[in-house]
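Accompanying notes for the structure given below.
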Amino acid sequence: MYLGLDIGTSGVKAVLVDEAQNIVDQATAPLTVNRPQALWSEQNPQDWWEATTAAVKQLDAFKRSGVKAIGLSGQMHGATCLDSADKVIRPAILWNDGRSGAECLGMMAEMPELTRITGNLAMPGFTAPKLEWMRTYEAENFVKVAKVLLPKDYVRLLMTGDYASDMSDSAGTLWMDVAKRDWSDEVLALTALTREHMPKLFEGSEATGNLRKDIATDWGVPSVPVAAGGGDNAASAVGVGVVKAGDALVSLGTSGVLFAASDTYQPNAATAVHTFCHAVPDTWHQMGVILAATDALNWLATLTGQSPSELTRDLGDVTAPSRTLFLPYLGGERTPHNTAQMRGQFLHLDHATDARQATRAVLQGVCYAFADCKDALGATGTQLPRALAMGGGAKSDHWLSMLATTLDIALEVPKAGDFGAALGAARLAMMAGAGAGIDVATQPPLAMTVEPDAALRAAITDGHARYKQAYAVLKDL
């Protein structure tokens, strides 16, 4: 048995997989987010530990007693600051915290080569700007900082006693030289920190230590190796077998991700493409990220008083887009605009625009946002002939057909199953504990492949051009 743990934002998930990678048991324990001020998003690190313990103890006792290795995945970017006695100094500042916008601008102004070293723009979601914010506004806390750990790595510390992290999660801190897969002394110095404040780096498939004997006894698990693991997106990619150059996935979740694996380092920071190390050796990945995917449909559902399933139930075949446009920037946007100020827009409404037409426009607007991400990745030379389609939005055949045609790629839909970050963590545990290679990260069986509709390509291309023009006109209002 192999145990995968995913330290998420809304909960901790634990899965047990057998030697054939069948999920034989799984459990979750909930977490809550605290928002004490506008733009703030925080959690108590102790809650991660208690939820992890609770999730593990829900698993079948006999099955978990046969665990051979443990893998970790987790929400990225969260700043967990410890003093010299490993005491948490303040609540962890999470990935979706937006307080450090000014610090991001200051860091890029002070170090113009920042994007070249890190491969990414400074964004409030990343870890380094959070510490800059602390240095300015909580100096009494900043001077106490002895170690900065990411969420899953704080859980690891309590599991093994080791200060350790993996390449993929650490690449999202903005302190790494992503090409060299190592901490950048220059960027650390920019935030008044050194390597001494950082954990030791490992590839995601390497063991960082063994489970402490007291924790092993409490959990009913042997004192087994713990794999470095990965950030949630990279671990999810391992869970669906997107680990080699040419592999890609598109996730239609609350937010949207277009993820491509690469065997070379290909950054494009100017268009807010995230370029990180992958959770497997000698591999990187690129991500185009949009902030509102199914969230945009949920917003329309609230506005109209209909459920998302009611709005999408009888849309029929995909047709050429109408003049009505929807820009899905309900909370700003990441790729390619990197703006927190832009907001969603409906354009070209008329008397004939009803809930059905508005739904089509919202779905198409999200597809156009994904097309912007594909163009941003294409600017680095990344070509995507096909991608696995994941997330709740992938349950809509209409939306999948529209997205395949807008991106002009085939979308492969897995059969029903759990292919998330916890499974990826378990696979990384197999690599660390059993010496397995990345060939264990296979892609799931497919239910169907959705091909683009060539007859609609010209109309959708024209619509995408109007969409981009609308953003250019409206972004400064």
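Which shape class, rounded, prolate or oblate, goes with the range 305-365 when its Cα gyration tensor gives a ≥ b ≥ c as root eigenvalues, a/c under 1.5 marks rounded, and past that a/b bigger than b/c marks prolate? Prolate, because a/c is 1.5 or more and a/b exceeds b/c. In a reduced charge model with +1 at each Lys and Arg Cβ and -1 at each Asp and Glu Cβ, the range 63-109 shows a dipole moment near 420 debye about its Cα centre.
Tell me what the chain gives for mean residue ellipticity at 222 nm when only DSSP H runs of n ≥ 4 count, each as -39,500 (n - 2.57), the sum divided by the residue total, rounded to 500 deg cm²/dmol. Please report the intermediate quantities before stating the final value.
Working: 17 runs with 167 residues, N = 477.
Taking each H run of at least 4 residues, the total per residue is -10000 deg cm²/dmol.
The residues of the range 144-221 expose, per residue, 33 Å² of accessible area to a 1.4 Å probe.
Loop exposure criterion: GluC sites (Glu not before Pro), DSSP state outside H, G, I, E and B, at most 13 other Cβ atoms within 10 Å. Applied to the chain, the longest stretch between such sites is 114-477. Counting Lys and Arg as +1 and Asp and Glu as -1 over every other residue whose Cβ lies under 14 Å from the Cβ of Ala109, the net charge comes to -4. Which value, in debye to the nearest 20, gives the size of the charge dipole of the range 322-477 about its Cα centre, when Lys and Arg are +1 and Asp and Glu are -1 at the Cβ? The calculation lands at about 200 debye.
Contact order, relative form, for the chain: 16 percent (alpha carbon pairs under 8 Å, 6 or more residues apart, mean separation divided by residue count). The residue among Thr442, Tyr471, Thr461 whose Cα reaches farthest toward the positive pole of the charge dipole of the range 411-477, with charges on the beta-carbon of Lys, Arg, Asp and Glu, is Tyr471.
Excluding Ala459 itself, what net charge comes from residues whose Cβ is under 15 Å from its Cβ, given Lys and Arg +1 and Asp and Glu -1?
Details: positive: Arg323, Arg360, Arg457, Arg466; negative: Asp317, Asp408, Asp453, Asp462.
With Lys, Arg at +1 and Asp, Glu at -1, the neighbours total 0.
Helix 457-474 and the longest principal axis of the Cα set of the chain meet at an angle near 70°.
Using 0.36 nm per residue and subtracting the Cα-Cα separation, the extra length available between Thr442 and Asn34 on full extension is 143.1 nm. Net charge in the neighbourhood of Pro336 (other residues with Cβ under 15 Å of its Cβ; Lys, Arg +1, Asp, Glu -1) is +1. Close amide H contacts of Val224 (hydrogens built in the peptide plane, cut-off under 5 Å, sequence separation of 5 or more or a different chain): Leu211. For the range 314-320, backbone phi angles converted through the Karplus equation (6.51, -1.76, 1.60; θ = phi - 60°) give residue-by-residue couplings of 10, 7, x, 6, 5, 10, 4 Hz, Gly and Pro being listed as x. Within the chain, DSSP assigns beta bridges of which about 70% are antiparallel (rounded to the nearest 5). On a per residue basis, the range 56-106 carries 37 Å² of accessible surface, using protein heavy atoms and a 1.4 Å probe. Could you tell me the accessible area of Ser65 in Å² (1.4 Å probe, neighbours in place), rounded to the nearest ten? Approximately 60 Å² for this residue.
The mean sequence separation of alpha-carbon pairs under 8 Å and at least six residues apart, normalised by the residue count of the range 203-286, gives a relative contact order of 26 percent.
Can you pull the percent of the chain's accessible area that's carbon plus sulfur, 1.4 Å probe, other chains left in place? Please list the in-between numbers first.
Numbers: 9260 of 18080 Å².
The computed percentage sits at 51.
Between the Cα long axis of helix 294-304 and the first principal axis of the chain there is an angle of about 60°, rounded to the nearest 10.
Working from Cα pairs under 8 Å separated by at least six residues, relative contact order for the range 24-121 is 28 percent.
The values are calculated or read from the model by the stated rules, or taken from the named source; none is laboratory data. Since the model is a prediction, treat every value here as computed from it, not as a measurement. Please note: Cβ atoms are built from the backbone with ideal geometry, for glycine as well, and neighbour counts cover all protein chains shown. The protein model used for the area step is the full one, side chains on, heavy atoms only, and it has no ligands, DNA or RNA in it. Shrake-Rupley method; radii C 1.70, N 1.55, O 1.52, S 1.80 Å.
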